[in-house]
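The values are calculated or read from the model by the stated rules, or taken from the named source; none is laboratory data. Remember, predicted model here, so these are calculated numbers, not experimental data. Cβ coordinates were reconstructed from backbone atoms using ideal geometry, including for glycine residues, and neighbour counts include every protein chain displayed. Accessible surface is based on the protein model in full, side chains and every heavy atom, while ligands, DNA and RNA are left aside. Shrake-Rupley method; radii C 1.70, N 1.55, O 1.52, S 1.80 Å.
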Amino acid sequence: YLALTGASLSIHGKYRVATENTIFAMPETKIGLFPDVGGTWWIPRLKLYRDRQRKGFVGGVGNYLALTGARLKGDDLIYAGIATHFIPSERLNELKLALIDATNNSTQSLGDCVAGVLMSFHDEKVNVDLDKAFLSKNRKEIDQAFDGKQSVEDIVSTLESVKSDSQFAKTTLDTLKQMSPTSLKVTLEALIRGSKVQSIEEALDMEYRMSQAFMRKGSDFYEGIRAALVDKCGEPQWNPSSLEGVTNGFVDKFFDDLGDRELCLSGGSSKL
């Protein structure tokens, strides 16, 4: 099970293995935060939208995952390109031994050696039916509601317009209503800005600014943690409590320059 920071950290690895038991999720908006650790870099660059990637555009699946915190299984991860290999869980120990043996005895570079072993275990055709993956089955509706959208209100409006005929729309609306309105709007804006940066370092600089804003006293992050982990009541009191209450000016403050507290991984203090 990979969620929150664990999910964000794993995605940057060159090889990402899923099994039939894998669960992957980014539920940060449910605790009043945002998909961090480079989420604003990789989410706008999912391979599903590679032919349409451009500055300011975020594909439907990326927006959907980041805003709803949807849980993905192994077949979804292969479909979206989040996982690079699918290996049955019953073969994981065998894989471990094969990797040890290969790295001890190969004259190839470590990366080349690992790639060959993983491909010999990769079992997508036998164990994964991509047409039955949740993302695949709901791709049309996901893109209709989330693809390239510039505001959360637009996403909600699209879902509302089709909810009478769509169980997906009903479920997704119910999910979004549970999330922090601030997190939803800041996350979408961060993904749009993240699609425009030139490097992951720039994205991380931006995310650091955001993280400092989310740490301010009285932020939704404190409330989300209280409701989820301290009191465990599951009933956070978000402030503002509605999307309408989260103004553009309020969102922009999450991206304010930090002055001498800038992270500067990108070698400067570029402001997004």
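The table below gives the values:
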read-out	value
Members of the stretch 58-93 that are surrounded by fewer than 18 Cβ atoms within 10 Å (Cβ to Cβ) and within 17 Å of the chain's Cα centre (by Cα)	71, 81, 84
Where a residue in the stretch 147-163 is in contact (Cβ under 8 Å) with a residue 60 or more places away in the chain and at negative phi and its partner, wherever it lies, is part of a helix (DSSP H, G or I) and open to solvent by 40 Å² or more (accessible area, probe 1.4 Å), with Cβ under 8 Å and at least six apart	none
Residue that is farthest from the chain's Cα centre (by Cα) [pool: residues in the stretch 133-172 that are polar (S, T, N, Q) and open to solvent by less than 50 Å² (accessible area, probe 1.4 Å)]	166
Tabulated pairs, the stretch 8-34, first farther than 20 Å from residue 91 by Cβ, second open to solvent by 30 Å² or more (accessible area, probe 1.4 Å) and of a type in the set (Asp, Glu), C-beta under 9 angstrom, 6+ apart or interchain	8/36; 28/36; 31/223; 32/223
Unique residue being at pLDDT 95 or above and aliphatic (A, V, I, L, M) when the list is 156, 117	156
Where a residue in the stretch 229-256 is over 13 Å from residue 152 (Cβ atoms) and touching a residue at least 24 places away in the same chain (Cβ under 8 Å) and its partner, wherever it lies, is open to solvent by 70 Å² or more (accessible area, probe 1.4 Å) and among the charged types (D, E, K, R), with Cβ under 9 Å and at least six apart	236/30; 255/271; 256/271
Residue match in the stretch 185-193 (condition: farther than 21 Å from residue 245 by Cα and open to solvent by 50 Å² or more (accessible area, probe 1.4 Å))	no
Criterion: at pLDDT below 95 and within 18 Å of residue 46 (Cβ to Cβ) - qualifying residue of 196, 217	196
Subset of the stretch 120-132 (residues that are acidic (Asp, Glu) and either open to solvent by 90 Å² or more (accessible area, probe 1.4 Å) or at pLDDT 90 or above (or both))	131
